[in-house]
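To keep things clear, I will list the structure first and then write my remarks on it.
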Amino acid sequence: MLIIDCPYCGERDETEFSYGGEAGIARPQHPESLTDAEWADYLFMRSNPRGPHRELWNHAQGCRRWFVAVRDTVTYRFSETAALQAGASGDAE
Amino acid sequence: MQNSRLPSGGRIDRKRPLNFRFNGHRLQGYAGDTLASALIANDVAVVGRGFKYHRPRGIIGSGAEEPNAIIQLGRGATAEPALRATQVELYEGLEASSVKGWPGVKFDLGAINDWAGAALAAGFYYKTFMRPAKLWKFYEHFIRRSAGLGTAPSLPDPDTYSHRNAHCDVMVVGAGPAGLAAAVTAARDGARVIIADEQSEFGGSLLASRESIDGLAAPDWVALQCRTLTNSKNVTLLPGSSVFGYYDYNFLGILQQCAIEPGAQNPGRIRQRLWRVRAKQVVLAQGAFERPLVFCNNDRPGIMLASAVSTYVNRYAVRPGRRAVVFTNNDSAYQASLDLHRAGVNVRCVVDSRPGGAGQIAESLREAAIPVHCGSIITNAYGRKRISAVEVARLDLSQRETLECDLLAMSGGWSPAVHLHSQAGGSIHWDDDRHCFVPAPSVQPNRSVGACNGTWTLATCLLEGHEAGLAAARNSGQRLPRDQFERTVSAAPKPANDAANEHATTPLWRVPGARDPERLPKQFVDYQNDTTVSDIRLAAREGYTSIEHLKRYTALGFGTDQGKLGNINGMAILAECLGKPVSAIGTTTFRPPYTPVSFGACAGESIGSLYDPVRKTAIHRWHEDQKAHFEPVGQWLRPSHYPVNGEDLQSAVQRECIATRNSVGIMDASTLGKIDVRGPDACKFLEWIYTHNVSKLPVGRCAYGIMLGEDGMIKDDGVMSRLGEQHFYVTTTTGGAAGVLAWMEKWLQTEWPQLRVHLTSMTEHYSTIAVAGPNSGRVIEKLGCDVDMSREAFPFMTFRSGNLAGVPVTLSRVSFSGELAFEINIDSRHALDTWLKLMEAGREFGITPYGTETMHVLRAEKGYVIVGQDTDGSVTPVDLRMNWLLSKDKDFLGKRSLARSDCKRSDRKQFVGLKAIDGKTVVAEGAQLVTGQPGRIPARIPIPIAGHVSSSYYSAVLQKPIALGLIRAGHTRVGETVLAIGSNGVEVPVEIVSPVFYDPKGERQNVQ
């Protein structure tokens, strides 16, 4: 079972959290101007890398805040967790 | 009569004889025995049957690796299948039976497979039962019956199981020499230590050892270490506890046997406890498994691992045979010949495949006058239910000779138990000097020491354990000050004899034969799954050359023992077939659990009423008093109906429906999800979430709203009330409440953090009472209400705040039944009291409580959908004809997806009403809708499914069945007749109609 360092509450067991998928998937500003393929890319396509992965987590059984984490998809180790910056879909950049 | 019990010695209590039964026979052993040692004491040679060929099988090992002695313990409710006799402690009255063999282990009909063996080669089932496909169901019955180990009990388990969470600085797995040394050192350094060992007694191999350590006999040294640990406040000792899983972030699962005897003799006594341990540092000291040797008929009872023979003789004082031969490719098995010799067993010879024989220990055999045949092998074993002789030959197969014996102790070298290291994410690599897989550097904070690290000598095991204990303690936090530490922590323990002069193991993966393995008697690699050398060779010939493919094709390592004995030999034989080195083959993945874990232990206390939390509304007690029937909705318990005078479900629902339509009904709707949305940007936020025009909703009004996923599919629905310019109150479905709040929070926090909005769950703060029917307004007025209830002052889809019987409430004029109806939102503290007052006031109108069943019928009569029943995550609002809810003036979540080509298909499944042509059949919910005439469905396989029935009821007010469903292009097919086919296969003709069956003009919600 993972230990996840919630930026607001500190280290807690994985069971308190829920997973929110890849971070940085910003909702398009003008969906109506996109082609079906472009919209499908936003809707369905995710990067699925081997190695470090920026993703969203929610401390669902705790403070209920969403935050960004970098987790290695091979070792499952978290190298970083951080509060969301103002910006789209948890993109801290 | 324990004929094979040695007259003295062993760690058993001869003053405490224990009676037990095995396969119906009354036998006796002693306290301290395992079932396996007690069976050996009683000369029971056959303990089970092979999986495929049903050959008689005997005990091979003495611990977790045992593949043959798989037994069923107890019977009835406490029966436990698939246990290893080598790990079952004996107790008075124990009853056990072999899991294989019908009608019995001694005479097994399935043994005919042994002669028909050529037909049962690897892949037999795949190849034979593939065609014709429709006969599979016939074959399956017999194949299933012949598979599996044991019978699962059919009665509830009376035993109590428990869970415990623990944290420690240093977790030590295994209490053999290396583990004990590690634990004692870490404890002396002040670390919080947990040490677990699967055996009931700590000591591991030392319990059967004749070595001495620090001047003490090995068992006495063990006793001293155990006293030291027991007296340390910072140490938890867990004997009889298997560490079965090593998970992420140093999280370990341990199964502790708290009571060896099943059955709840003492209520509250705990049978097994599952520990969930989070450790800062882990020391793995699990030891190693001795490998069997692969030769003809190497599965015959009486053939045993050499180390197991030593364990039985020294630790349990039993004699596994009277005339023994030892067969080895390494030095360690020589000890078994000495142990047997001391126990008075006639050791005929040691057969060593190495031309040079053993090192220093060979001296001891010369002194004992035990002959050693170097450069020799055993090629065959004779005897079916117990070996009677073996064939010895030179390595080149010359000088063949038959030696009579009833015990063959074998050793093919050792395989470190790398399971937990590997589960923790560490890789392993093949060591060409030691001929085994050893742990590569670990990924998590753990260290492998002793035999599981490929370290064989006792002196080095003790040293590694000591050093790892120290390093783990130091790395887990601040420990003793240096000067104090040096006084406390002594040097590593040292054995008297450090056995430096050993000769190396020479690999012998498969004993050579005069002919191809296929033309010789069977040579077993995996005993539990009856995988033979020729199976592996066949798989390789057919192209299953990856070890993962080989495993699945031949079942090598697929048993409950997970190939602890056979895997390495199997990989090496595959390597030989492919002409590759063993290191090029790799290994299969090690997964938890290391040994099987009972379902009882997994469940722990979470059974019965503690299985899942139950949520009850503030009015629940009243429903119980009325003897309502309940149904679970999410975690909530909701009344489904209120039967009176012994009514069945159908009659109760019809009565409740009629009462509501004709006068007034009342329902506890408190489980609806309720979310308070407020803030300067509340309106802007809800515009994104809901599809309708939120900004156009005036304060004081309600609106029905739906929300979509970004894929355009219906996610949830509910009623939105605008309490103020910046203040909304939205309801969700009962089951969707938590998910909708989380969904809203996610968008708010991740996509629009600049919006100033607060979301608060109000689900439990407010109770909701729905009062529905033409007399609903009159009942509420009777309670004393300062809200003007007249139609003009309080129109449909508005809400009013006021006082009801002196309690502040919000009244909403909304309706899920099509009748004039009000929802009373009230502080949950007042809910029961107000409910009682409403029942009292409604008596003159015959007010009738109704449950979820009636609610479903009432809304279906009106064609209202229930999200999750009539929708399934693949339904758009257009499919439901809810286009009127989709704002054209704004973007909202999911809007763009509605324009995707797939959402615009004209043949999408669309929402319709369904009317049984015969006017009386209530079709089954879930029935498939098929285009065609009765008895004349187009003969195409598969039959094209046009849709399905999502809701179906008998409508009391319409006196006919009604149904709702989704069917391809349904909106354009009104008037067409299709067939509804349920699981009984009966074809019911139904007509596609409008989903609104009752009051299509919607006049009844305005009745005054």
Q) When N counts the residues of region B:552-704, how does its alpha-carbon radius of gyration compare numerically with 2.2 N^0.38 Å, as a ratio? A) 2.06
Q: Enumerate by residue number the trypsin sites (Lys or Arg not before Pro) in region B:559-641 meeting two conditions: DSSP loop (anything except H, G, I, E, B), and at most 16 other Cβ atoms within 10 Å of the site's Cβ.
A: B:Lys616, B:Lys627
Q | Projected area, mean over directions - chain B, Cα convex hull, nm² | A | 50.6 nm²
Q: May I ask you to compute the full-extension gain from B:Lys920 to B:Asn497, defined as 0.36 nm times their residue separation minus their alpha-carbon distance, rounded to one decimal in nm?
A: 143.1 nm
Q: Compute the separation of the alpha-carbon centres of region B:239-278 and region B:894-927 and state it in Å as a whole number.
A: 52 Å
(Q) Counting other C-beta atoms within 10 Å, and keeping those with at most 16, which DSSP coil trypsin sites (Lys or Arg not before Pro) do you find in region B:772-855? (A) B:Arg791
Q | For the protein assembly as shown, size of Cβ-based charge dipole, Lys and Arg +1, Asp and Glu -1, in debye | A | 1780 debye
Q | Packing-based ranking, highest mean first, of B:718-729, B:346-357, B:894-905 given that Cβ atoms within 10 Å are counted | A | B:346-357, B:718-729, B:894-905
**Q.** Compactness index (Cα Rg / 2.2 N^0.38 Å), region B:514-578
**A.** 1.00
Q.
Take B:Ile945 and B:Thr236, extend 7 Å from each Cα along the Cα→Cβ direction, and tell me the distance between the two endpoints in nm.
A. 4.9 nm
Q: Work out the FRET efficiency for B:Ala504 and B:Ser609 from their Cβ-Cβ distance, taking R0 = 56 Å, and round it to the nearest 0.05.
A: 0.35
Q) With charges set only on the Cβ (+1 for Lys and Arg, -1 for Asp and Glu), what does the dipole of region B:292-412 come to about its Cα centre, in debye to the nearest 20? A) 420 debye
Q) For the protein assembly as shown, what Kirkwood radius comes out of the mean inverse Cα-Cα distance, in Å? A) 34.7 Å
Q.
Between B:Glu840 and B:Val1007, what is 0.36 nm times their sequence separation minus the Cα-Cα distance? Round to one decimal in nm.
A. 57.8 nm
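Expressed in nm to one decimal, what extension gain is obtained for the pair B:Val633 and B:Gln869 from 0.36 nm per residue of sequence separation less their Cα-Cα distance?
83.7 nm
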Q) Sequence-distant or interchain residues sharing an amide H contact under 5 Å with B:Lys52, placed H: which? A) none
**Q.** Charge-dipole axis of the protein assembly as shown as Lys and Arg at +1 and Asp and Glu at -1 on Cβ define it, positive-most pick from B:Gln726, B:Ile428, B:Gly919
**A.** B:Gly919
Q: Please work out the FRET efficiency for the pair B:His167 and A:Arg50, using the Cβ-Cβ distance as r and a Förster radius of 22 Å; give the result to the nearest 0.05.
A: 0.10
Q | Coil-residue trypsin sites (Lys or Arg not before Pro) of region B:463-546, DSSP, other Cβ within 10 Å capped at 10 | A | B:Arg515
Q: Can you give me the P(r) profile for chain A? Cα pairs, bins 10 angstrom wide beginning at 0, each as a whole percent.
A: 16, 44, 29, 10, 1
Q) Alpha carbon centre of region B:613-650 versus region B:21-39: separation in Å? A) 53 Å
Q | Nearby lysines by direct alpha-carbon distance to B:Lys920 (threshold 17 angstrom, same-chain neighbours under 8 apart not counted) | A | B:Lys960
Q. How far is it, in nm, from the label point at B:Leu155 to the one at B:Val986 when both lie 7 Å from their Cα along the line to the Cβ?
A. 4.0 nm
Q) So how many Å³ per residue does the convex hull of the Cα atoms of region B:423-524 work out to? A) 161 Å³
Q: Considering the convex hull of the alpha carbon atoms of region B:489-541, report its projected area averaged over all viewing directions, in nm², one decimal.
A: 8.2 nm²
Q. Once all Cα-Cα distances of region B:292-412 are split into 10 Å bins that start at 0, what whole-number percent is in each one?
A. 15, 52, 31, 3
Q: State the three equivalent ellipsoid semi-axes of region B:905-1008, derived from the C-alpha gyration tensor as the square roots of 5 times its eigenvalues, in descending order and whole Å.
A: 26, 16, 10
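Can you show me the helix-derived [θ] at 222 nm for chain B, built from DSSP H runs with n ≥ 4 at -39,500 (n - 2.57) apiece and divided by the number of residues, rounded to the nearest 500.
Values: 23 runs with 212 residues, N = 1008.
Computed ellipticity for chain B at 222 nm equals -6000 deg cm²/dmol.
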Q: Please work out the FRET efficiency for the pair B:Arg75 and B:Asp889, using the Cβ-Cβ distance as r and a Förster radius of 56 Å; give the result to the nearest 0.05.
A: 0.20
Q. With charges only on Cβ, +1 for K and R and -1 for D and E, what is the dipole size of chain B about its Cα centre, in debye, rounded to 20?
A. 1200 debye
Q | Accessible area (Å², per residue) of region B:514-578, counting only protein heavy atoms and a probe of 1.4 Å | A | 34 Å²
Q | Partner chain coverage, peptide B:750-756 - average Cβ within 10 angstrom | A | 5
Q) Could you give the semi-axes, largest first, of the ellipsoid that matches region B:444-588, computed as the square roots of 5 times the alpha carbon gyration tensor eigenvalues and rounded to whole Å? A) 44, 19, 12
Q | Estimated distance in nm for a label pair at B:Arg21 and B:Gln726, the labels positioned 7 Å out from Cα along Cα-to-Cβ | A | 7.9 nm
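The values are calculated or read from the model by the stated rules, or taken from the named source; none is laboratory data. These numbers come from a predicted model, not from an experiment. Reconstructed Cβ throughout: ideal geometry from the backbone, glycine too, with neighbour counts over all protein chains shown. Calculation scope for accessible area: heavy atoms of the full protein, side chains included, ligands and nucleic acids excluded. Shrake-Rupley method; radii C 1.70, N 1.55, O 1.52, S 1.80 Å.
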